[in-house]
């Protein structure tokens, strides 16, 4: 990395795209897509500085398809790992906030459409693109992604056009998670714990 | 498998409660003794002025002082309390359950939380411990009582890839575990009212159904006092088009006193009590600390 390059990294805010494929199954088609020239060019045009990829069982495979370490492809720092016990650090990195070196811009989280990953990512001030894994047939990933997109919490990405989905992030305003209770539902304020309190024996 | 880690945590919390009570008792005793000495000193120094009113004032001050210190000691005992059993199935379900509890939990009542976790489910175990530490930290920052908790493990009725020949045996062991978890009183709270869980909460999968079934049987034979072991089932927010198998079973067997679905599209089908994503208030009852 040249000195000019180093300085420019410090001067401008960082912007991270975090890709996670979950803890259970592999998702090679998504890994292929996020290192495709089309996707990387999109990130570059949106001023991204970092691409972090959680690869699950396919770290070796990812290393074989990613652009080489030496050539700084599309001005992006690409890092990859297989699993981490807690992804919050990476979710935070891809969301708005202050970094050690300065400002972070609101990045993007590209996730498989598993319920655990979605609910984890939505806790952060970021933009979420959820891509259903078509190899998991009865996992309801497509259902979840469609429903959550129609409710306005995330962007539903499909294999082959994840780049187009990521392009939307600067134009779309997403709803804040979690939503308020629907009109007419019980326990408006207190949530689950209020329901528990309500059901407890009255003597105690 | 429920050896060192959970005992250490339980012991730590138990000790802090006992320590608090002991300290307050010591303070009360010291205060009482000093009042008596004070009284004697007054009597000796101003004998002609001592009358009934002074004595009355001293008595009132000592009684009031005693109650004020009792209130401190009663931070745990004095609050109304309850005992809730939370059944965690596996990975994603546990994460969702913790998120619901974490956002909605308040300290109006001092709760004992018992978490039931599979013996093979280390991830859930770690998530629960991490949550309980966060809760203790958050509530003590706000000077609130976060209650007590324990974690108990159950064997699975059938493990993945297990032979069907051995399944009956593991199923019986699993059933015994479930009964043990339902009927063992929490030893952090040796209070008769907390002998059995007041409410059982689960969000699936399979084992949650078994727990609710066994609880129903225990209630049928009147082993548990009336009004205890009421049940709540929460369908995952990720079920947007249809109920899960566990959800369908629990609904058709009427095992849940409150049946919650979180998707508006599932609301109102066949007596399903439906609320849209009610389980997570938009703002946590007790604020998170963002540092």
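The values are calculated or read from the model by the stated rules, or taken from the named source; none is laboratory data. Everything numeric here is computed off the predicted structure, so don't read it as measured data. Because the Cβ atoms are built from the backbone with ideal geometry, glycine has one as well, and the counts that use them run over all protein chains shown.
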Query raised in the report: Where residues in region B:97-120 are farther than 16 Å from residue B:200 by Cα and in contact with a strand residue (DSSP E or B) (Cβ under 8 Å, 6 or more places away or on another chain), which of them is farthest from the other protein chains (Cβ to nearest Cβ)?
Result: B:119
Query raised in the report: Taking region B:256-279 only, how many residues are at pLDDT 70 or above, over 14 Å from residue A:199 (Cβ atoms) and crowded, with 18+ Cβ neighbours inside 10 Å?
Result: 4
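How many residues are closer than 30 Å to residue B:124 by Cβ and under 18 Å from the mean Cα position of the chain (by Cα) when one looks only at region A:35-57? Reasoning before the result, please.
Here is the first cut: in region A:35-57, the residues closer than 30 Å to residue B:124 by Cβ are A:52-57.
Filter again for under 18 Å from the mean Cα position of the chain (by Cα), leaving A:52-56.
Of the residues in that region, 5 qualify.
Any residue at all in region B:186-196 that is assigned to a loop (DSSP other than H, G, I, E, B), away from every other protein chain (no Cβ under 14 Å) and surrounded by 14 or more Cβ atoms within 10 Å (Cβ to Cβ)? Give the steps one after another, and end with the answer.
Restricting attention to region B:186-196, the residues satisfying the condition of being assigned to a loop (DSSP other than H, G, I, E, B) are B:186-191, B:195-196.
After this cut, where a residue has to be away from every other protein chain (no Cβ under 14 Å) as well, the list is B:187-188, B:190.
Those left that are additionally surrounded by 14 or more Cβ atoms within 10 Å (Cβ to Cβ): B:188.
Looking for residues that are assigned to a loop (DSSP other than H, G, I, E, B), away from every other protein chain (no Cβ under 14 Å) and surrounded by 14 or more Cβ atoms within 10 Å (Cβ to Cβ), one finds at least one in region B:186-196, hence yes.
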Requested in this report: Find the residue count for region A:135-156, including only residues that are free of Cβ contacts under 8 Å to residues at least 60 places away in the same chain and closer than 20 Å to residue A:24 by Cα.
Outcome: 9
Query raised in the report: Do we have residue A:174 as assigned to a strand (DSSP E or B) and either at pLDDT 90 or above or in contact with a strand residue (DSSP E or B) (Cβ under 9 Å, 6 or more places away or on another chain) (or both) here?
Result: no
Query raised in the report: Of all residues in region A:146-163, how many are at the interface with another protein chain (Cβ under 10 Å from one of its Cβ atoms) and surrounded by 19 or more Cβ atoms within 10 Å (Cβ to Cβ)?
Result: 2
